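Please read the structure below before turning to the comments.
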């Protein structure tokens, strides 16, 4: 199983768990995994994302922490949304 399919399955399972019981930690993990999945689908390296968004991510570890749901921030979410040209509203609609 490749990483893209793995993350898609993880996201689907987490979304089902989130609809049953709301949790901020789980929500942050879903958002982080979704952007990690987008990064893998577009075949963009972590270094490229950090280089293009230096004001929001100081190092690759900041991006890794965001993708794991450890260090979530609205400004980072907006930066990645515009970088990947992804409408977060669709994700939020599915979670609500």
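The table below lists the values:
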| read-out | value |
| --- | --- |
| Checking residue 25 against (1) touching a helix residue (DSSP H, G or I) at 6+ places or on another chain (Cβ under 9 Å); (2) touching a residue at least 40 places away in the same chain (Cβ under 8 Å), the condition it does not meet | (1) |
| Given (1) modelled with pLDDT of 90 or more; (2) surrounded by 11 or more Cβ atoms within 10 Å (Cβ to Cβ); (3) closer than 25 Å to residue 2 by Cβ, number of the condition residue 51 does not satisfy | (3) |
| Test: residue in the range 70-80 that is free of Cβ contacts under 8 Å to residues at least 12 places away in the same chain, farther than 20 Å from residue 7 by Cα and part of a helix (DSSP H, G or I) | yes |
| Criterion (within 14 Å of the chain's Cα centre (by Cα) and outside any helix (DSSP H, G or I)) met by exactly one of 30, 44 | 44 |
| Exclusive hit being surrounded by fewer than 13 Cβ atoms within 10 Å (Cβ to Cβ), free of Cβ contacts under 8 Å to residues at least 12 places away in the same chain and assigned to a helix (DSSP H, G or I), set 65, 5, 58 | 5 |
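The values are calculated or read from the model by the stated rules, or taken from the named source; none is laboratory data. Please read all numbers here as calculations on a predicted model, not as lab measurements. Here the Cβ is made from the backbone with ideal geometry for all residues, glycine too, and neighbour counts use every protein chain on show.
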